[in-house]
1. What number goes with the only condition from (1) more than 16 Å from ligand 1 (Cβ to nearest atom); (2) part of a helix (DSSP H, G or I); (3) more than 20 Å from G272 (Cβ to Cβ); (4) modelled with pLDDT of 95 or more that K334 does not pass?
2. Of all residues in region 428-445 being open to solvent by 10 Å² or more (accessible area, probe 1.4 Å) and more than 7 Å from ligand 1 (Cβ to nearest atom), which is nearest to A53 (Cα to Cα)?
3. What is the residue count in region 250-280 for residues that are away from ligand 1 (no atom under 11 Å from the Cβ) and part of a loop (DSSP other than H, G, I, E, B)?
4. Which one of these does A25 not meet: (1) surrounded by 23 or more Cβ atoms within 10 Å (Cβ to Cβ); (2) closer than 20 Å to H551 by Cβ; (3) in contact with a Lys or Arg (Cβ under 9 Å, 6 or more places away or on another chain)?
5. Under 25 Å from the mean Cα position of the chain (by Cα), surrounded by fewer than 22 Cβ atoms within 10 Å (Cβ to Cβ) and not hydroxyl-bearing (S, T, Y): is that true of P255 in this structure?
6. Got a number for residues in region 231-249 being more than 14 Å from ligand 2 (Cβ to nearest atom) and not in a helix (DSSP H, G or I)?
7. Listed residues E321, E282, E310, E277; which is touching a Phe, Trp or Tyr at 6+ places or on another chain (Cβ under 8 Å), charged (D, E, K, R) and surrounded by fewer than 22 Cβ atoms within 10 Å (Cβ to Cβ)?
8. Restricting attention to region 564-593, which residues are hydrophobic (A, V, I, L, M, F, W, C), under 23 Å from Y605 (Cβ atoms) and open to solvent by less than 10 Å² (accessible area, probe 1.4 Å)?
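The values are calculated or read from the model by the stated rules, or taken from the named source; none is laboratory data. Keep in mind that this is a model prediction, so the values were computed, not measured. Heads up, the Cβs are rebuilt from the backbone with ideal geometry, glycines too, and the neighbour counts pull from every protein chain shown. For the accessible areas, the whole protein counts, side chains as well, though only heavy atoms, and no ligand, DNA or RNA atoms are used. Shrake-Rupley method; radii C 1.70, N 1.55, O 1.52, S 1.80 Å.
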Amino acid sequence: MANFETVEVTTDVLICGGGMAACGAAVEAAYWAKKNNLKVTLVDKAAMDRSGAVAMGLSAINQYVDVNSGANTVEDYVEYVRNDLMGITREDLVANIARHVDSTVHLFEKWGLPIWTDADGKYVHEGRWQLMINGESYKVVVAEAAKNALGADNIYERVFITEPLVDDAGNCVGAVGFSVRENKFYVFKAKAVVAAMGGAVHVFKPRSSGEGLGRSWYPPFNSGASAYFTIKAGAEMTCQEVRFIPVRFKDAYGPVGAWFLLFKSRATNGLGENYMETRRDELEKWKPYGLVKPVPANLRNWLMMLDVMEGKGPIYMRTEEAIQKIVDDVPDPKAQKKKLKEVESEAWEDFLDMTISQAILWAATNTFPEEAPSEIAACEPYFIGSHSGASGAWVSGPEDLAPEEYFWGYANMTTVKGLFAAGDASGASSHKFSSGSHAEGRIAAKSAVRYAVENPNMGSVDGGKIDELKATILKPLDLFEQSQGGSTDPDVNPNYIRPKQFMFRLQKIMDEYAGGVSTNFTTNEQLLNKGLELLDFLREDSESLCAEGHHELMRCWENIHRMWQAEAHVRTILFRDETRWPGYYFRADRPAMKDDWKVFANCKYNAADGKWEMIKRDIKTVY
Ligand code: SFD
Ligand code: AMP
């Protein structure tokens, strides 16, 4: 067997991940742990300064409720999220994040994040809930605070968390993983574990192919670890069907929010028509949510997709028109020139802050946004509980807000004792974004510390079981070593499959059977059942994944994680007997929304018999 030293780390609270939610968790856990004399340990597969979705930076903070000034209430935010998710949301979770998010934003500012202010010193809003920032170094600033709070000795970077550790009583008591640089296998033993390893990208075939492969809107390093970890620990999952399909600038995935909200741009089809107007009647079909303001994200997508399917593309963001209008609104012609320069630089900064490749694509294609429009398109599906999708673990709400059915002792604890989730890892609490994920990480960590204090006995996992896990996790290295002589081309070998080929196969199945880009996000019962059959074969072949080194070993496990996210998704679309989010996916055989499906579609994997249980849970309102 591959010669990896086993390193055992015993701690009280283990934070898996180093992104926005994990950094929030670190700051909060460190504070409460100090009071209770506990140890907190954080593990990230990458380096925290630039890991996760905010690696490149961001140009906005998308959740700021501004409760103190009286501009909005927590209830306003809940209403916004409920409508945007077509009625399917955990109001207790959304409210809990919303009431804490402003303080998180104020911490960001204190730590050095530049938030735009106007002449009166007030924050500049992009839209009702969004603040503009100079966010190129957003993640560096947030990670610095987390690192200072925990101390370098308690942080393990470039260690890939692979599996949860679950004791005989079914409690989560730690995690195992491996270093992506050294021959080290890690066993982390803990009283409480926070899963915050982001969402999942590259489960579906991406639009980018060939030399563009790897370019996606959400980061490719978010590869389904949170979903896998919580599913394998035995946690109930929710909203696994609610993937997110963002509309983005075509080919380089530049965000559209600033254009729609700050610059008040329109999007039109190839014939110059505004689908939000010409297709307005379609919204009636999806009421009451079709008639709310703002129109839910999936329905905005849907109206655009109807134009595309009718052959009316390309779809353009009318940047030239929007800029011209902003300039024309300035009465003094001299001031107009200055305004033009100002808007131009804001437009470029929007991309340079968070999607640099879009700025590069503009430069490479001689695009002057003030002169010509740019194409936008619907991206491939992503799994992300923090934006406008909702997939993640089913977690307990806070004691003071949660209805009885949604509360089991500790806020943000999954249905597995000792296992907490936040950010993309927790479900049915969308629209938290970077700031809300950080706030939710804080909530989950405070709760995890309390759990560790109140449950002081360390659970344990049999040493033999850990040895077995080690052998399974390192097996791809052994397989490559033993079989590489079996062919002259290392990519083609009867004894193994390389992770990249495996990923292509997964993506093809999801694209063609589960409603990806190539099938216009449309599927049906028969396609989904066929997809499940093919996923079964894929799972059999996952036994033959091989790895030439540490990096490829990570690739193997990333793709196994993705495969589990894929299966939870297919099973849940199949379970939900309606179409509720056209624009995210369309069940051609169930083309309408049904009142009796205004429920959560949950699922749970049972390791003992390898079977999935599908569960309907009622929606309980708080407001
Ligand atoms: O507008 C393992 N997001 C935006 N949020 C905003 O507030 N404003 C914006 O302007 C936003 N835009 C945006 C956004 C994201 C991206 C990619 C772009 C633009 C281009 C969304 C937020 O970024 C997002 O909601 C949060 O970051 C979610 O936080 P979290 O903590 O759930 O995920 P993460 O930050 O990606 O961190 C994940 C961490 O897990 C690590 N990890 N560690 C150990 N073992 C494993 N197996 C692991 N697998 C993953 C990662 O390294 C990382 O540290 S706009 O376009 O929407
Ligand atoms: P995006 O760049 O698409 O991620 O959007 C950033 C923020 O703006 C998110 O909070 C979106 O929900 C919101 N948003 C984007 N486009 C629109 C729109 N056309 N109408 C209302 N809100 C939008």
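1. For K334, the failing item is (4).
2. The qualifying residue nearest to A53 (Cα to Cα) is R442.
3. 13
4. The number of the failed condition is (2).
5. In short, no.
6. Residues meeting the conditions: 10.
7. E282
8. Residues of region 564-593 that are hydrophobic (A, V, I, L, M, F, W, C), as a first pass: 564, 566, 568, 570, 573-575, 581, 586, 588, 592-593.
Filter once more, so that each one left must be under 23 Å from Y605 (Cβ atoms): 564, 566, 568, 570, 573-575.
Those that are hydrophobic (A, V, I, L, M, F, W, C), under 23 Å from Y605 (Cβ atoms) and open to solvent by less than 10 Å² (accessible area, probe 1.4 Å): A566, A568, V570, I573.
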